[in-house]
Structures are given as C-alpha cells and as structure tokens.
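Encoded as structure tokens, the structure appears first; notes follow it.
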Amino acid sequence: MRRWAHRTHLAGLLACIATACGTGHRAPPSGGITVTDDAGRTITLARPARRIVSLLPSFTELLFAMGAGDRLVGRTAWCDYPPAALSVSNVGDGMPPNIEAVAARGPDLVVLYRSAQNAPAAAQLERLGIPVVVLDLNQLTDLGHAARILGRLTDRKQSADSLARVMDSAAAQPPAPSTHSLVFIVWDNPPIIIGAGSYLDRLAALAGARNVFHDIGSPSAQVSIETIAARDPDFVAVLSDSATLPSFAARPEWRVVRAVRHGRFLLLPGRLFGRPSPRVARAVRELRNRLNGEGGAP
Amino acid sequence: MKYVALLSVALATVAAGLLLGPASVPAGEFLRSPIVWQLRLPRVVLAYLVGGALGVTGVALQALVRNPLADPFLLGLSGGAGLGAVVAIALHLPGPWALPLAAFAGAVGAMVLVYRLGLIGGTGGAGGELDPRILLLGGVAVGAFAAAITTALVSLAEAAELRNAFLWLWGGFSAASWTTVLVMLVYAPLPLAVIAAAARPLDLLALGEEPAQYLGADVRRLKQLVYLAASLLTAAAVALSGVIGFVGLIVPHVCRMVWGRLHRTLIPTSFLTGGILLAAADTLARTAVAPRELPVGIVTALIGVPLFAFLLRRWTVS
C-alpha cells in the first residue's frame with residue numbers, strides 16, 4: 001500500500017511536469033488543456049469541462065469545494081455531500097458505472113475512480129468519444145493530487161491549488177501522540193477490520209488513536225474475534241449513520257472484547273468518515289472529541 | 001480398531017481447536033479464560049456439529065438418489081437455504097433463531113421444487129416414480145436459480161451492509177457462541193435420528209427401488225422422510241455457518257472407502273469424520289495466517305481434496 005502511495009505521488013509529479021511543459025501557465029481556452037491521469041492516460045480538453053459526471057463521492061465533494069459544483073450534470077447514488085449535490089442527476093453506481101446513464105447526461109468529462117472494475121468503463125466511454133479522467137482516491141495523500149488535476153480540467157486552478165495545499169498539509173501532518181487505541185470494525189460476521197493501508201488508519205493516527213491492526217498492511221482484512229480480544233482496543237469504531245449500537249454489541253461471543261463489554265463504541269457517520277474528503281480536518285477534530293469525551297469511562 | 005483411531009482423532013482435533021488460537025492464553029488461566037469458554041469452545045463444538053451434520057446429509061442424499069455426486073449443494077438445498085437466510089437478513093429478522101427458520105423455509109422451498117421436478121409419471125398425490133437423474137438435474141437448476149436471486153438481492157440492496165452478506169455466505173464460524181450451539185442442538189437431533197433409523201432401508205435402496213420395495217421398504221415414505229431430514233440438517237448448517245461446500249460430498253466417500261457400504265456404520269462414522277474435517281479446517285483458518293483469518297470453505301477444500309485424492313487413488317488401484 002505504501003508503494004501505491006509512492007506511485008500516486010510519482011504520477012502526480014509527472015502530471016504536473018507534463019502539463020506545465022505542455023501548455024504553460026494560464027492556458028487560454030483555445031490552447032486546450034492536457035493532463036496525465038493516474039492510469040497514465042493523457043486527456044486533452046479543447047476547453048474547460050462544463051458538463052461533468054463525477055463517479056465517486058469524494059470527487060463530487062472536491063469539485064464542490066473548488067467551486068465547480070455547478071458544472072456537475074451527474075453523480076453516483078452515494079454522493080450525498082454537500083446537500084447541493086443531491087439536486088444533481090443520479091446516474092446510479094460508480095463502480096462500475098452504468099455507461100448508458102452516464103452518456104445520457106451528455107458529459108464533456110467523466111471523473112472515474114481507478115480500479116480494475118472500472119477499467120472497461122473507461123475504455124467504453126472513450127469509444128463513445130467522452131473524455132474520461134481516471135484518478136486514485138484511497139488515501140489522504142490522494143486528495144491534493146486529485147484536486148490539482150480536477151482544477152486544471154475545470155479551469156479552477158487557483159481555488160483547486162489552495163484546496164490541494166490544505167489537503168497536502170493535512171496529509172503531511174505528523175500523527176498526534178496516541179493516547180487511545182481503537183479497532184475499526186467494518187462487518188461483524190465474519191469480522192472485517194481496517195488495516196494500515198487505509199484512509200481511516202491515518203485519520204485515527206491524526207486524531208491521536210492507535211489502530212490496533214496497524215500491522216496489517218492491506219486496507220481491510222478478515223480476523224477472528226479472538227484476535228480482536230487479544231489486541232484489547234480501548235474503543236470499537238463503527239461507521240454508522242444511526243445512534244443505536246450495532247447489533248453485534250449484544251452478542252455473547254463479542255462480549256469477550258473488553259471495549260464491547262463496556263459499550264465503548266464510536267459510532268462514526270459514514271457521510272463524514274466513510275471516505276477521504278475535503279472535510280478531513282473536521283473528521284479528525286470530531287474523532288478526537290469523541291475519543292476524549294468518552295475517554296473517562298472505565 | 002478403526003473406531004478407536006477415529007475417536008482419538010476426533011478428540012485430538014477438538015483439543016487442538018481449544019489449545020490453538022491467535023491469542024495466547026496463559027496455562028494457569030486456561031480453564032477460566034473467556035477466550036477459551038466464550039470463543040474457542042463454542043466455535044469448535046459448532047464446527048464439529050455442522051461438519052457432522054453435513055457429512056450425514058451427504059450420506060443420506062447419495063443413498064437416496066443413488067449417485068456419488070449428490071450433496072446438499074448439488075441438490076439445490078444449500079442454494080435455497082442461502083436465499084432464505086439472505087432474505088431474512090434483508091428484512092432485518094432478528095436473532096439467532098429466525099435465521100435458521102428462514103434458511104429452512106428456503107431449503108424446503110428448493111426441496112419441494114426439486115422433488116416435483118424429479119417426480120415423473122404421476123401427478124400430485126397420485127404418486128409417481130422419483131427419478132434420481134431428473135432429481136439431480138432439477139437440483140442444479142433450482143440451485144442456480146436461487147443463487148441468481150440471492151445475488152440480485154445482495155447487489156441491488158441499498159444498504160452496503162447487505163453486500164457483506166456475501167462474505168457470510170462463503171461460510172465461517174465467526175458468529176459461534178453457546179446460543180448458536182444450542183440452535184444446532186435443538187435442530188439437528190431429530191433429523192439425525194430419522195436418518196439413523198433409516199439405515200437399513202437405505203441399504204436396501206442401494207439395490208434399486210423395486211428390489212427394496214419387495215424386501216419390505218416403504219420406498220416412497222423413506223424418500224420423503226430422509227429428504228426432509230436432509231433438508232432440515234442443511235438448513236441449520238447453512239443458517240449457522242453459511243454455505244460450506246465439499247464436506248457433504250467427500251466425507252461419505254472417505255467413510256465408504258474405509259468402513260464399507262453399510263449405513264449402520266456409515267452414518268455415525270460420517271458424522272465423526274465430517275466433524276473432524278470441519279473442526280480441523282476451522283482451527284487452521286483461525287491460526288494459519290494469524291492475525292488474519294481465512295474463509296473456512298477454502299481450508300476445507302485445501303485439506304480435503306488431497307486427502308480425497310489419496311484415498312481415491314488407493315481405492316481405484318487396489
């Protein structure tokens with residue numbers, strides 16, 4: 001996963017160099033815009049994108065944050081922030097997208113998340129003559145890079161770059177000294193936890209909590225309840241939009257885990273914590289407050 | 001002698017399941033540790049019971065349709081039970097008791113469909129001949145249909161959570177607790193007893209349906225009872241641990257190679273062997289790649305296939 005991040009940086013660097021050399025600064029509309037995306041593809045737009053379909057909630061948030069939200073003509077069913085995003089046409093899933101639904105919006109740019117599942121979609125859209133930019137967005141470090149590329153494609157370079165600088169400084173921040181430990185539980189049967197190669201692991205570190213499964217390199221992994229009990233985290237963090245405890249909290253086999261027994265759950269709204277977003281600073285602050293607010297319990 | 005060996009292996013497997021695990025339990029605290037009492041012991045017991053139930057189900061179904069390929073999976077029972085369980089999860093039916101019931105409803109639904117497809121030459125209550133070949137074909141078709149509906153439900157679900165139901169469907173014992181052991185202990189004995197009581201008629205059935213009829217077996221009733229019992233066992237197993245293939249297929253063959261074809265011995269030995277296979281597989285799943293865990297169905301196949309191949313080779317050579 002670390003190698004992944006490196007590659008992203010490298011791609012970003014190459015993209016910056018390529019675009020800086022190719023078009024110069026403040027390219028006039030007639031000169032066109034050329035960028036290289038994270039899949040190594042070159043995208044050339046004759047003029048800044050005006051009809052964009054965003055196929056990942058994080059991209060939608062980034063576009064709104066850089067003031068290009070009014071250019072969106074399509075979003076996924078999962079894009080629920082900011083509230084204005086809800087009035088944009090829903091094209092269904094983002095992974096893989098419904099090509100016809102996307103094409104029907106008549107976009108002049110489609111922003112696609114880079115994954116093996118999405119590779120055929122990129123090729124199909126290209127065949128239809130619709131420009132596609134394919135971007136990574138797994139880690140905090142990916143946000144700034146994605147913002148810069150989207151800024152170029154929408155000609156919102158200035159606000160995108162300042163957004164990217166904020167994102168980069170958030171990503172580069174040294175982790176706070178950890179005062180608590182936690183486990184992120186994605187699913188209970190079988191138990192799936194979040195490992196080091198993830199956005200949430202980094203988020204926890206910034207908020208001053210140690211992920212007890214930081215030694216697992218992949219973004220998520222299946223473990224046994226016994227392993228969770230042995231690692232003995234102070235808190236169990238669950239992505240949940242409701243205020244009630246997850247159903248496994250009451251189950252006897254889970255009560256072997258101390259934090260479950262003592263009801264030390266962190267119910268994190270998926271809208272804020274479920275994806276890397278420009279609101280990362282708020283997510284860190286909120287997680288830190290919850291850790292400290294409930295830290296006094298036995 | 002073979003029985004003593006089997007029992008010792010069974011005990012050793014359970015002991016290994018209790019002693020091994022990703023968490024280290026100090027020897028002094030072993031008998032008091034909640035990790036042993038609340039996690040390892042119910043998990044080993046449940047894995048053993050489910051493995052045993054699947055083994056016996058395999059024996060019963062292979063005798064019933066007189067085909068060595070028959071298992072709960074092939075006859076569509078697992079598919080139906082999985083569909084029932086996913087519907088229960090989608091409807092948020094609560095508790096450890098609702099899931100087996102829903103899975104049972106699914107298994108029975110699949111069973112009835114397959115049974116009606118397999119019944120030829122008669123309509124409704126008039127009674128016809130149950131054709132084992134048609135029964136198998138029907139099972140495959142109904143199983144595929146149930147799997148398609150399950151996949152559609154899971155992939156169309158609004159809640160991302162239901163997508164994780166797929167993980168559960170692949171099988172595993174993460175949810176093992178004394179409650180789930182109790183569910184198994186309530187559901188399993190009756191169908192196990194029905195199958196065990198049918199040991200002699202099942203032997204006769206191996207001779208063919210007509211000879212069995214002449215020798216005094218009520219073939220029609222036997223088929224219905226054993227088929228129903230097998231469905232109930234499959235339903236309980238799927239509801240508690242997802243769809244674990246393969247155990248019901250190979251365990252009967254292994255036991256037949258070692259103990260012969262009499263169901264009086266085949267049924268208990270299949271129970272013990274199925275339990276050993278699944279309990280050992282689950283212990284490996286928990287420990288082999290710790291702190292991570294493997295889906296148990298993968299381990300079952302990884303240790304089961306070489307064992308099966310070895311026995312098959314010896315059997316066909318001699």
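Would you kindly calculate the translational diffusion coefficient of segment A:107-264, applying Stokes-Einstein with the Kirkwood radius from alpha carbon pairs, for 10 °C and a viscosity of 1.306 mPa s, and quote it in µm² s⁻¹ without decimals? Show your work: numbers first, answer last.
Details: Rh = 18.1 Å.
Diffusion coefficient, whole number: 88 µm²/s.
Tell me the relative contact order for segment B:2-317 as a rounded percent, counting alpha carbon contacts under 8 Å between residues six or more apart.
Numbers: 517 pairs, mean separation 95.8, N = 316.
Dividing the mean separation by the residue count of segment B:2-317 yields 30 percent.
Checking a compactness column here: for chain A, what do you get for Rg(Cα) / (2.2 N^0.38 Å), N being the number of residues?
Numbers: Rg = 20.4 Å, N = 298, 2.2 N^0.38 = 19.2 Å.
Dividing the Cα radius of gyration by 2.2 N^0.38 Å gives 1.07.
Ratio of alpha-carbon Rg to the 2.2 N^0.38 Å globular estimate for segment A:180-293, to two decimals, please. The partial results should precede the final answer.
Values: Rg = 12.9 Å, N = 114, 2.2 N^0.38 = 13.3 Å.
In units of the 2.2 N^0.38 Å rule of thumb, it is 0.97.
Between A:THR76, A:THR227, A:THR154, which gets the highest mean-square fluctuation from a Gaussian network model of chain A, Cα cutoff 10 Å?
Top of the fluctuation ranking is A:THR227.
Given the convex hull of the Cα atoms of chain B, what is a quarter of its surface area in nm²? Please list the in-between numbers first.
Numbers: hull surface 70.9 nm².
For chain B, averaging the hull's shadow over all directions gives 17.7 nm².
Tell me, what is a quarter of the convex hull surface for the C-alpha atoms of segment A:213-265, in nm² with one decimal? It would help to have the intermediate numbers written out before the result.
Values: hull surface 16.1 nm².
In nm², the orientation-averaged hull projection of segment A:213-265 is 4.0.
Over segment A:170-298, what is the mean sequence separation of C-alpha contacts under 8 Å (at least six apart), divided by residue count, expressed as relative contact order in percent?
Contact order relative to length: 25 percent.
Could you give the spread of the C-alpha atoms of segment B:162-289 along their three principal axes, from largest to smallest, in whole angstroms?
54, 30, 25
Give me the log10 of I(q) over I(0) for segment A:8-172 at q = 0.12, 0.13, 0.18 Å⁻¹, as the Debye formula computes it from C-alpha points; what are the numbers?
With no solvent term, the Cα-only Debye profile gives -0.46, -0.54, -1.11.
Quickly estimate the mean residue ellipticity at 222 nm for chain B, helices only: each DSSP H run with n ≥ 4 gives -39500 (n - 2.57), and the total goes over all residues, rounded to 500.
Value at 222 nm, helices only: -24000 deg cm²/dmol.
If you count the DSSP beta bridges with both ends in chain A, what percent of them are antiparallel, to the nearest 5? List each step's numbers first, then the result.
Numbers: 11 of 31 bridges.
The antiparallel proportion sits near 35 percent.
For segment B:1-149, report the % of Cα-Cα distances exceeding 27 Å. List each step's numbers first, then the result.
Numbers: 4883 of 11026 pairs.
So the pairs more than 27 Å apart make up 44 percent of the total in segment B:1-149.
Antiparallel versus total DSSP beta bridges in segment A:180-293: what percent is that, nearest 5? The partial results should precede the final answer.
Values: 6 of 16 bridges.
So the antiparallel bridges amount to about 40 percent of the total.
What per residue convex hull volume, in Å³, comes out for segment B:143-235 when only alpha-carbon positions are used?
Values: hull volume 12.6 nm³, N = 93.
Once divided by residue count, the hull of segment B:143-235 is 136 Å³.
Give me the mean projected area, in nm² to one decimal, of the convex hull enclosing the Cα positions of the protein assembly as shown.
Numbers: hull surface 131.5 nm².
With the hull built on Cα positions only, its mean projection is 32.9 nm².
Read the figures in this text as sums done on the coordinates, not as results from a lab. Computed from a predicted model, the values in this text were never measured in an experiment.
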